[in-house]
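The values are calculated or read from the model by the stated rules, or taken from the named source; none is laboratory data. Bear in mind the structure is a predicted one, so any value in this text is a computation, not a measurement. Neighbour counts run over all protein chains shown; Cβ positions are idealised from the backbone, glycine included.
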Amino acid sequence: MIVAGVGCRKGAAAAEIGAAISTALERCGLAAEALTLIATSSAKGAEPGIKGAASALGVPIVLVAQRALENAGTRTVTKSQRVLLRTGVPSLAEAAALAAAGPAARLIAARVAVGPATCALAEAREEPGAA
């Protein structure tokens, strides 16, 4: 399962968010069809651009609760003081991707910024000993 974690400025267009997702996928050598879902914070759930990007890509959106973002935030590689002050996590895109992909997920693309949108990719993995 490949999860695109997304962050954006208020009012970002679907095309701008889609461009960030495409850039992240390209950096990993993945086609858009590899994407399973888009994750973002519950605070960004009403953003029409995120909804539009998910619709254009044909994937669902998962809204991640603040506590789950904060738990996943300890595993981010990007550390933005500005984002930390605004969202409570060092990278919203990375934390959302990791939280939605599960506790054993690994980041396969650190946050990329394209205009007003950011995207990071995480891949779900089974936890050791899981059946």
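Give the residues of the range 24-53 that are surrounded by fewer than 20 Cβ atoms within 10 Å (Cβ to Cβ), in a helix (DSSP H, G or I) and touching a strand residue (DSSP E or B) at 6+ places or on another chain (Cβ under 8 Å), sorted by residue number. Steps first, please.
To start, the set of residues in the range 24-53 that are surrounded by fewer than 20 Cβ atoms within 10 Å (Cβ to Cβ) comprises 26-34, 36-37, 42-43, 45-46, 48, 51-52.
Of the ones still in play, those that are also in a helix (DSSP H, G or I) are 26-27, 32-34, 42-43, 48, 51-52.
Of everything in the range 24-53, those that are surrounded by fewer than 20 Cβ atoms within 10 Å (Cβ to Cβ), in a helix (DSSP H, G or I) and touching a strand residue (DSSP E or B) at 6+ places or on another chain (Cβ under 8 Å) turn out to be 27, 34, 42, 51.
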Among (1) of a type in the set (A, V, I, L, M, F, W, C); (2) crowded, with 23+ Cβ neighbours inside 10 Å; (3) touching a strand residue (DSSP E or B) at 6+ places or on another chain (Cβ under 6 Å); (4) part of a helix (DSSP H, G or I), there is one condition residue 3 misses while meeting the rest; what is its number? (4)
Looking only at the range 99-131, which residues are under 23 Å from residue 14 (Cβ atoms) and among the β-branched types (Val, Ile, Thr)? 112, 114, 118
Out of (1) without any contact (Cβ under 8 Å) to a residue 24 or more places away in the chain; (2) surrounded by 15 or more Cβ atoms within 10 Å (Cβ to Cβ); (3) not basic (Lys, Arg), the one residue 61 does not meet is (1)
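Looking at the range 77-131 only, could you name the residues that are among the acidic types (Asp, Glu) and farther than 17 Å from residue 28 by Cα?
Correct list: 126, 127.
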Hits in the range 63-110 (condition: more than 13 Å from the chain's Cα centre (by Cα) and within 19 Å of residue 17 (Cα to Cα)): 83, 87
When both residues are 6+ apart or on different chains and their Cβ atoms are under 6 Å apart, which pairs have a first residue that lies in the range 94-116 and is of a type in the set (D, E, K, R), and a second that is surrounded by 24 or more Cβ atoms within 10 Å (Cβ to Cβ) and part of a helix (DSSP H, G or I)? 111/93; 111/94
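Among the candidates 56, 96, which residue alone is closer than 24 Å to residue 14 by Cβ, in contact with a Ser or Thr (Cβ under 6 Å, 6 or more places away or on another chain) and not in a strand (DSSP E or B)?
Working: 56 fails: in contact with a Ser or Thr (Cβ under 6 Å, 6 or more places away or on another chain).
That would be 96, the only listed residue that is closer than 24 Å to residue 14 by Cβ, in contact with a Ser or Thr (Cβ under 6 Å, 6 or more places away or on another chain) and not in a strand (DSSP E or B).
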What pairs come out if I take residues in the range 71-89 that are under 18 Å from residue 104 (Cα atoms) and pair them with residues that are part of a loop (DSSP other than H, G, I, E, B) and hydroxyl-bearing (Ser, Thr, Tyr) whose C-beta lies under 8 Å away, six or more apart or interchain? 73/91; 76/91; 77/91
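Answer with yes or no whether residue 77 is outside any strand (DSSP E or B) and either farther than 17 Å from residue 42 by Cβ or modelled with pLDDT under 90 (or both).
Numbers: outside any strand (DSSP E or B): yes; either farther than 17 Å from residue 42 by Cβ or modelled with pLDDT under 90 (or both): yes.
Yes.
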